[in-house]
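Read the structure below first, then the notes.
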Amino acid sequence: MQDQLKLALVQSDLVWENPKANRKNFNEKIETIKGKVDIIVLPEMFTTAFTMNAEAVAETMDGKTLSWMQKTAEKTGAAITGSIIIEDDKTYYNRLLFVEPSGVVSFYDKRHTFTLAGEDKVFSKGDKKVIIEYKGWKICPQVCYDLRFPVWVRNVEEYDVLLYVANWPKPRIFAWDTLLKARAIENMCYCIGVNRVGLDDLQNEYCGNSEVYDVLGNAISKLKPNRDMIDVVTLERNHINFYRNKLKFLEDKDAFILL
């Protein structure tokens with residue numbers, strides 16, 4: 001069990017529907033990370049950008065991107081995570097992959113498909129909340145639009161980190177900033193959001209605003225809006241333990257069953 005968890009947050013532009021170019025881009029970015037980190041976090045649909053053209057760019061669980069993630073994790077000694085388009089049993093998923101240096105793969109399928117963009121018509125939604133245990137830390141992975149639904153991520157598992165990867169557009173970035181902070185405060189956990197930057201082929205603009213909030217809702221990342229950049233952030237277990245023991249807000253949470 002580690003008292004600290006060090007994450008490299010990769011806020012990046014994406015090449016439209018071009019997995020090979022995006023893998024090359026992230027290879028180059030990852031090589032610039034200085035020192036050892038525990039987890040490297042990439043955005044949502046990091047090989048394609050947020051496209052509904054799933055049939056043309058979907059991969060399988062034995063495809064090139066998962067293989068690349070496994071090789072990268074082994075090479076860097078860090079877990080690597082982000083979502084890609086996966087075809088599984090003739091069904092498409094916006095699937096977050098969490099790949100450890102050992103080669104172990106965990107995944108989470110986006111629960112809330114984004115109806116405004118027609119994602120629900122192309123992708124099947126996930127039906128399982130996932131908690132990944134890594135180096136003694138409990139991580140709850142989520143994808144973009146999931147951020148708007150707090151009941152789904154209510155902290156009943158005593159997880160330590162709530163992790164969102166996203167393609168969240170600039171016109172609604174105030175909601176992104178506000179909800180990330182709210183999720184951290186209400187769940188008494190670190191809440192991380194890694195969002196892309198740039199302009200996609202549908203002329204949607206993204207400004208990043210990737211951030212890490214601590215248990216009290218304080219922002220602790222040095223990432224800047226509208227910039228292609230990486231920030232390394234260290235999470236402290238003592239911070240979580242101190243405020244959960246002092247404030248005990250999670251002990252007063254409502255009991256419920258999600259149907």
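Select, from K121, K129, the only residue that is surrounded by fewer than 24 Cβ atoms within 10 Å (Cβ to Cβ) and in a loop (DSSP other than H, G, I, E, B). Working first, answer last.
Working: K121 fails: in a loop (DSSP other than H, G, I, E, B).
Residue meeting the stated conditions: K129.
Screening I86, I40, I80 for residues that are closer than 20 Å to F107 by Cβ, crowded, with 20+ Cβ neighbours inside 10 Å, touching a Phe, Trp or Tyr at 6+ places or on another chain (Cβ under 6 Å) and not acidic (D, E) leaves exactly one candidate, I86. Scanning the range 92-108 for residues that are part of a strand (DSSP E or B) and of a type in the set (A, V, I, L, M, F, W, C), we see that the one that is nearest to the chain's Cα centre (by Cα) is L96.
Residues in the range 203-218 that are over 17 Å from the mean Cα position of the chain (by Cα) and either free of Cβ contacts under 8 Å to residues at least 40 places away in the same chain or part of a strand (DSSP E or B) (or both): Q203, E205, V215, L216, G217, N218.
Just checking, does the range 142-159 include any residue being closer than 22 Å to R111 by Cβ, assigned to a strand (DSSP E or B) and aromatic (F, W, Y)? Let's see the steps before the verdict.
Taking the range 142-159 first, the residues closer than 22 Å to R111 by Cβ are 142-159.
Now drop any that are not assigned to a strand (DSSP E or B), which leaves 142-143.
Retained after the next criterion (residues that are aromatic (F, W, Y)): none.
No, every residue in the range 142-159 fails to be closer than 22 Å to R111 by Cβ, assigned to a strand (DSSP E or B) and aromatic (F, W, Y).
Taking first residues from the range 156-177 that are surrounded by fewer than 24 Cβ atoms within 10 Å (Cβ to Cβ) and partners that are modelled with pLDDT under 95, the Cβ contacts under 9 Å between residues at least 6 apart in sequence or on separate chains come to V156/K253; V156/A255; V156/F256. Based on what the data block shows, is E59 crowded, with 17+ Cβ neighbours inside 10 Å, within 22 Å of Q4 (Cβ to Cβ) and of a type in the set (D, E)? When the stated conditions are applied, E59 does not pass them.
Within the range 85-104, restricting attention to residues that are aliphatic (A, V, I, L, M) and touching a residue at least 40 places away in the same chain (Cβ under 8 Å), which residue is nearest to S124 (Cα to Cα)? That would be I85.
Rundown of residues vs (1) of a type in the set (S, T, N, Q); (2) modelled with pLDDT of 95 or more; (3) crowded, with 17+ Cβ neighbours inside 10 Å; (4) assigned to a helix (DSSP H, G or I), yes/no style:
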| residue | (1), (2), (3), (4) |
| --- | --- |
| P225 | no, yes, no, no |
| T234 | yes, yes, no, no |
| Y243 | no, yes, no, yes |
| F256 | no, no, no, no |
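The values are calculated or read from the model by the stated rules, or taken from the named source; none is laboratory data. Please read these numbers as outputs of a predicted model, since none were measured by experiment. Quick reminder, even Gly has a Cβ in these numbers, built from the backbone with ideal geometry, and neighbours come from all protein chains shown.
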